[in-house]
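Peer 1: Let me begin by handing over the structure; questions about it come next.
The values are calculated or read from the model by the stated rules, or taken from the named source; none is laboratory data. Computed from a predicted model, the values in this text were never measured in an experiment. Here the Cβ is made from the backbone with ideal geometry for all residues, glycine too, and neighbour counts use every protein chain on show.
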Amino acid sequence: MLDYQMLAEGDRVLIAVSGGIDSLVLAWLLHDWRRKAPIAYEVQAVHIDMRPAADEEPSSRAQETAAQLAALGIACRILPTEQPMTLAADGDARGICHRCARNRRRQLFELARQEGWSKLAFGHHRDDLVETFFINLTSGGNISTMRPKQELFVGRLSLIRPLAYLTKEDICGIGARLGLKAVQSNCPLAEQTRRTEIRDLLRHIYGQLPGSREQIFAALGNVRSEYLLIQQQSSAHHADEP
């Protein structure tokens, strides 16, 4: 948080809690750190429930997520998704995950805008950042990943990822000490995504090349752009030609 100056005096922080162990630990971290932080800031956990808004009761996943946070003294708002998606209706198993995540993020952006939240916190960790790099590399044709802090909307909102230096194992260990358990997803594609395939590939690489896990993460902050295939602007070279 210090390296990327994630928090400042008077910040209002919206914490996206999916129910996974990462976001549960994140909510505890930002809630608990206020006791010893040299700054004062406000936090609010929010869960986007994938049930349709017409349903009267929150889903069991939403209720269990809120219950675990309540046990830690953290209130959690449950909001029904504005754009429910079904696999049968969508017809594109590969693309539905991206669109679902995009819709949930758009809903969080709008909530932050309406209520004046200055920061939006996500539970992405070090392994997520590496996986995203490989997904973009192999499926998007670009070299990029998620940043620990990213300014949006001309600085009106910042995305922060306070767990960016931690591994999945680190987070699971913290969760176990807190008595937290990941809430099972009811998504039919939970284990059939490109991210799962990349995770399996990276697990193989780490096993074959000791130390590569740390080296790959370090490389994300050590980009030597002069050795990448970035073409020069042709107009600059031929500006004086007839």
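Peer 1: Give the residues of the stretch 5-29 that are over 15 Å from the mean Cα position of the chain (by Cα) and not small (Gly, Ala, Ser), sorted by residue number. Show your work before the answer.
Peer 2: Going residue by residue through the stretch 5-29, those that are over 15 Å from the mean Cα position of the chain (by Cα) are 5, 7-12, 28-29.
Answer for the stretch 5-29, where residues must be over 15 Å from the mean Cα position of the chain (by Cα) and not small (Gly, Ala, Ser): 5, 7, 9, 11, 12, 28, 29.
Peer 1: Here's something else I'd like to know. For the subset of the stretch 187-198 comprising residues that are assigned to a loop (DSSP other than H, G, I, E, B) and surrounded by 12 or more Cβ atoms within 10 Å (Cβ to Cβ), which member is modelled with the highest pLDDT? First the steps, then the outcome.
Peer 2: The first filter runs over the stretch 187-198 and keeps only residues assigned to a loop (DSSP other than H, G, I, E, B), leaving 187-193.
Filter again for surrounded by 12 or more Cβ atoms within 10 Å (Cβ to Cβ), leaving 187-189, 192-193.
Details: 187: 70, 188: 60, 189: 62, 192: 61, 193: 80.
By that ranking, first place goes to 193.
Peer 1: Suppose the filter is touching a residue at least 40 places away in the same chain (Cβ under 8 Å) and surrounded by fewer than 17 Cβ atoms within 10 Å (Cβ to Cβ); does residue 145 pass it?
Peer 2: Working: touching a residue at least 40 places away in the same chain (Cβ under 8 Å): yes; surrounded by fewer than 17 Cβ atoms within 10 Å (Cβ to Cβ): no.
No.
Peer 1: Considering 62, 66, 45, which residue is part of a strand (DSSP E or B), among the small types (Gly, Ala, Ser) and crowded, with 19+ Cβ neighbours inside 10 Å? Steps first, answer last, please.
Peer 2: Working: 62 fails: part of a strand (DSSP E or B); 66 fails: part of a strand (DSSP E or B).
Going through 62, 66, 45 in turn, the sole match is 45.
Peer 1: Could you tell me whether any residue of the stretch 127-143 is under 18 Å from the mean Cα position of the chain (by Cα), within 29 Å of residue 201 (Cβ to Cβ) and assigned to a strand (DSSP E or B)?
Peer 2: Looking through the stretch 127-143, none of the residues is under 18 Å from the mean Cα position of the chain (by Cα), within 29 Å of residue 201 (Cβ to Cβ) and assigned to a strand (DSSP E or B).
Peer 1: Also: Mind listing whichever residues of the stretch 3-27 are hydrophobic (A, V, I, L, M, F, W, C), under 17 Å from residue 124 (Cα atoms) and not in a helix (DSSP H, G or I)? Break it down into steps so the answer makes sense when it comes.
Peer 2: Here is the first cut: in the stretch 3-27, the residues hydrophobic (A, V, I, L, M, F, W, C) are 6-8, 13-17, 21, 24-27.
Remaining after also requiring under 17 Å from residue 124 (Cα atoms): 6-7, 13-17, 21, 24-27.
Hits for the stretch 3-27 are 6, 7, 13, 14, 15, 16, 17.
Peer 1: Turning to a different aspect of this structure: Do we have any residue at all in the stretch 82-89 that's modelled with pLDDT under 95, under 18 Å from the mean Cα position of the chain (by Cα), farther than 20 Å from residue 17 by Cβ and surrounded by fewer than 18 Cβ atoms within 10 Å (Cβ to Cβ)? Show your work before the answer.
Peer 2: Filtering the stretch 82-89 for residues modelled with pLDDT under 95 gives 82-89.
Narrowing further to those that are under 18 Å from the mean Cα position of the chain (by Cα): none.
Taking every residue of the stretch 82-89 in turn, none turns out to be modelled with pLDDT under 95, under 18 Å from the mean Cα position of the chain (by Cα), farther than 20 Å from residue 17 by Cβ and surrounded by fewer than 18 Cβ atoms within 10 Å (Cβ to Cβ).
Peer 1: Also, quick follow-up: Pairs please, first residue from the stretch 60-74 and under 14 Å from residue 50 (Cα atoms), second anywhere and among the acidic types (Asp, Glu), Cβ atoms under 7 Å, 6+ apart in sequence or on different chains.
Peer 2: These pairs meet every condition: 62/49.
Peer 1: Among residues belonging to the stretch 110-148 that are out of contact with any Ser or Thr (no Cβ under 6 Å at 6 or more places or on another chain) and basic (Lys, Arg), point out the one that is farthest from residue 215 (Cα to Cα).
Peer 2: Applying the filter and picking the extreme gives 113.
Peer 1: May I ask you to say which residue of 132, 138 is at pLDDT 95 or above, under 24 Å from residue 171 (Cα atoms) and hydroxyl-bearing (Ser, Thr, Tyr)? I'd like the intermediate steps shown before the answer.
Peer 2: Numbers: 138 fails: under 24 Å from residue 171 (Cα atoms).
After applying the criteria, what remains is 132.
Peer 1: While we're here: If residue 171 passes every condition in (1) under 28 Å from residue 62 (Cα atoms); (2) at pLDDT below 95; (3) of a type in the set (Val, Ile, Thr) but one, which one does it miss?
Peer 2: (2)
Peer 1: What are the residues in the stretch 30-47 that are within 18 Å of the chain's Cα centre (by Cα) and among the β-branched types (Val, Ile, Thr), if any?
Peer 2: 43, 46
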